[in-house]
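Take a look at the structure below.
The values are calculated or read from the model by the stated rules, or taken from the named source; none is laboratory data. It should be emphasised that the depicted structure is a prediction, and the values quoted were computed from it without experimental measurement. A quick note on method: Cβ atoms are made from the backbone with ideal geometry, for glycine too, and the neighbour counts reach across all protein chains shown.
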Amino acid sequence: MGHAPRSPQTGFVTQRLGPAVLATWDRTRDTFEDFSWGITPELAFRVGVKPGDFEREVDRRTAFLDGLVAAGVTGVPEVEAAIAMDRSLRPVS
């Protein structure tokens, strides 16, 4: 087995957490209540970015997908092509 992951900022062993509730359905509002913010630091660490940068990228991707829906781009091949184009325009970090 490998070693436990260590935080690059502190050097401390990171703690593996159990499953997290990311969202629940609110019937009265007919929408999801989002709780993903609770695991943002861990997700950011896992992909090697700061939590604030991770949140900005999630917001950017959410706006991108919302824009596709608003433009009527909902078919799988079209969405995949749009995502591929978006990725090709983004610098690799």
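Taking the stated definitions as given, is residue 56 at pLDDT 90 or above and more than 26 Å from residue 86 (Cα to Cα)? Show your work before the answer.
Working: at pLDDT 90 or above: yes; more than 26 Å from residue 86 (Cα to Cα): no.
It is false that residue 56 is at pLDDT 90 or above and more than 26 Å from residue 86 (Cα to Cα).
How many residues are touching a strand residue (DSSP E or B) at 6+ places or on another chain (Cβ under 9 Å) and either not aromatic (Phe, Trp, Tyr) or not in a loop (DSSP other than H, G, I, E, B) (or both) if we restrict to segment 24-39?
Keep residues of segment 24-39 that are touching a strand residue (DSSP E or B) at 6+ places or on another chain (Cβ under 9 Å), which gives 24-26, 31-36.
Right, trim to either not aromatic (Phe, Trp, Tyr) or not in a loop (DSSP other than H, G, I, E, B) (or both) and you get 24-26, 31-34, 36.
Residues that pass the stated criteria total 8.
Scanning segment 59-93 for residues that are part of a loop (DSSP other than H, G, I, E, B), modelled with pLDDT under 95 and among the polar types (S, T, N, Q) turns up just one, 93.
Restricting the search to segment 17-58, which residues are β-branched (Val, Ile, Thr) and more than 30 Å from residue 90 (Cα to Cα)?
Once the filter is applied, which keeps residues that are β-branched (Val, Ile, Thr) and more than 30 Å from residue 90 (Cα to Cα), segment 17-58 yields 21, 24, 28, 31.
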